[in-house]
Amino acid sequence: MHSNETPTSAFQSPILLMAKRAVAMRAEGRDIVDLTLGEPDFNAPKHVLDAAHLALGSRLTYSPSNGIEPLRSAIRMRAREDRGLDFDDDQISVGCGAKQIIFNAFQATLKPGDEVIVPAPYWASYPGMIKMCGAQPIILPTAASEGFRLTAEHLAAGFRLAKSPKWVILNAPGNPSGSLYSETDLQALAEVLRQYPEVMILSDDIYAEIRFNQEPYQTLASVAPDLAERILIVDGVSKAYAMTGWRVGWGCGSRSLISAMTTVQSQNCTQTSTLSQLAAVAALEGPRDFLAERNAIYRQRRDAALHVLQASDKMEVSRPEGAFYLLPQIKTSIDDQSLALDLLEVGVATVPGSAFGLPRHLRLSFATDEATLVQGCTRLVRALEAYS
Ligand SMILES: Cc1ncc(COP(=O)(O)O)c(C=O)c1O
């Protein structure tokens, strides 16, 4: 913490707050469909669980702060095979989820007065993390008509606005937008980024494997290799491998940044669990058919939910290309935060768009079974009828 403040409720995740409310209401016996959390309802694949069971029989000691060597090696293999990117061993840092990796990167590089360009809608944790490091998020609104993608024009405007930008955040598929960038989109962003050689780019690719089209995934470091030194790719096993609670994420970037991040990590929790790291090796090296199978299920859920939501004239909702969130725009007079509270009373928990820098929207997670999801969406549609 750089500021004199102690961390207060101002830094609490609004997603976790809504999820907590839903859990508390359920504990009181209320019937609540919970569409708040970005947590797959699948389990980790069986080969991962088997590897973890086996690992329990070995002596689980401290690991190096940047992760066990076999995991760093598996991460390098995936980067090469999936993205055509080559990293050396000292360009990888493993931490307690992508969240800690991002926090480590900010802790290692931000000082009071620095700024981070954050396109909105954004993952709700970015601004809080930036402020905890004493820096300021510069929020750049994007347009629904452009799928909430950051365009070169937005980015150039953001740079004109910022006085001391250190980082730009890119996140695709986006949470909460579900949007992806094409190679052309990224080329256009790269053109702008080349004009600001001091600025680093956080490429949050945590949802990269959850996509609903057949196009190859595009990430900035592959599209613009000349920028690779300035890019930190963030990924992990939480989403694609349904391993949220195992807490394994990683960053791939320049040697100097990775070394600084590893120092931060070594002073906060030393390392993430050695058992979880061994399970993550199995996840990255094991069979991959389940990814396509699960994506087909997510896609079907997305379409089932859209079928219900799009019948309502009280909202407008587009079709996400990846991740597992729907982001309806609410076309009634009530604000999204009051609406999310009212919706709890009729049995559906959502997250207000304001939490992601996008008022007048709601985020619905479709990482839940289809029947429950359709029930939640039906409750939402019915409830909206009451508002003008
Ligand atoms: C965009 C984004 N980045 C990072 C994370 C953090 O993931 P984890 O810390 O579980 O690896 C999340 C989790 O919700 C996310 O949505």
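Summary table
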item: THR184 being open to solvent by 30 Å² or more (accessible area, probe 1.4 Å), away from the ligand (no atom under 11 Å from the Cβ) and not small (Gly, Ala, Ser); result: yes
item: Among (1) under 30 Å from LEU362 (Cβ atoms); (2) β-branched (Val, Ile, Thr); (3) surrounded by fewer than 21 Cβ atoms within 10 Å (Cβ to Cβ) - the single one VAL192 does not satisfy; result: (1)
item: Output for segment 348-366, where each listed residue is open to solvent by 10 Å² or more (accessible area, probe 1.4 Å) and within 17 Å of the chain's Cα centre (by Cα); result: PRO352, SER354, ALA355, GLY357, LEU358
item: Test: residue in segment 299-308 that is buried (at least 18 other Cβ atoms within 10 Å of the Cβ) and assigned to a loop (DSSP other than H, G, I, E, B); result: no
item: Residues of segment 149-181 that turn out to be free of Cβ contacts under 8 Å to residues at least 40 places away in the same chain, within 16 Å of the ligand (Cβ to nearest atom) and open to solvent by 10 Å² or more (accessible area, probe 1.4 Å), as a count; result: 2
item: Hits in segment 245-273 - residues which are among the polar types (S, T, N, Q), in a helix (DSSP H, G or I) and open to solvent by 30 Å² or more (accessible area, probe 1.4 Å); result: SER256, SER259, THR263, SER266, GLN267, ASN268
item: Residue check, ARG379 closer than 28 Å to ARG78 by Cβ and either of a type in the set (A, V, I, L, M) or surrounded by fewer than 24 Cβ atoms within 10 Å (Cβ to Cβ) (or both); result: no
item: Test: residue in segment 330-338 that is part of a strand (DSSP E or B) and surrounded by 17 or more Cβ atoms within 10 Å (Cβ to Cβ); result: yes
item: Residue list for segment 84-131, filter: touching a residue at least 24 places away in the same chain (Cβ under 8 Å), farther than 28 Å from ALA157 by Cα, more than 12 Å from the ligand (Cβ to nearest atom) and in a loop (DSSP other than H, G, I, E, B); result: GLY84, LEU85, PHE87, ASP88
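Here's the yes/no breakdown for (1) part of a helix (DSSP H, G or I); (2) within 30 Å of SER266 (Cβ to Cβ):
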site	(1), (2)
GLU39	no, yes
ASP50	yes, no
LEU54	yes, yes
GLY67	no, yes
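Yes or no, residue by residue, for (1) out of contact with any Leu (no Cβ under 9 Å at 6 or more places or on another chain); (2) surrounded by fewer than 23 Cβ atoms within 10 Å (Cβ to Cβ); (3) more than 19 Å from THR244 (Cα to Cα):
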{"site": "LEU54", "(1), (2), (3)": "no, yes, yes"}
{"site": "THR61", "(1), (2), (3)": "yes, yes, yes"}
{"site": "PRO64", "(1), (2), (3)": "yes, yes, yes"}
{"site": "SER73", "(1), (2), (3)": "yes, yes, yes"}
{"site": "ASP82", "(1), (2), (3)": "yes, yes, yes"}
{"site": "LEU85", "(1), (2), (3)": "yes, yes, yes"}
{"site": "ASP90", "(1), (2), (3)": "yes, yes, yes"}
{"site": "CYS96", "(1), (2), (3)": "yes, yes, no"}
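This table checks each residue for (1) closer than 30 Å to PRO165 by Cβ; (2) open to solvent by less than 50 Å² (accessible area, probe 1.4 Å); (3) among the small types (Gly, Ala, Ser).
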residue	(1), (2), (3)
ILE210	yes, yes, no
ILE233	yes, yes, no
GLY236	yes, yes, yes
LYS239	yes, yes, no
ALA242	no, yes, yes
ALA292	no, no, yes
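The values are calculated or read from the model by the stated rules, or taken from the named source; none is laboratory data. Since the structure is predicted, the reported quantities are computational estimates derived from the model, not experimental observations. For neighbour counting, all protein chains shown are included, and Cβ atoms are generated from backbone atoms with ideal geometry for every residue, glycine included. Accessible surface is based on the protein model in full, side chains and every heavy atom, while ligands, DNA and RNA are left aside. Shrake-Rupley method; radii C 1.70, N 1.55, O 1.52, S 1.80 Å.
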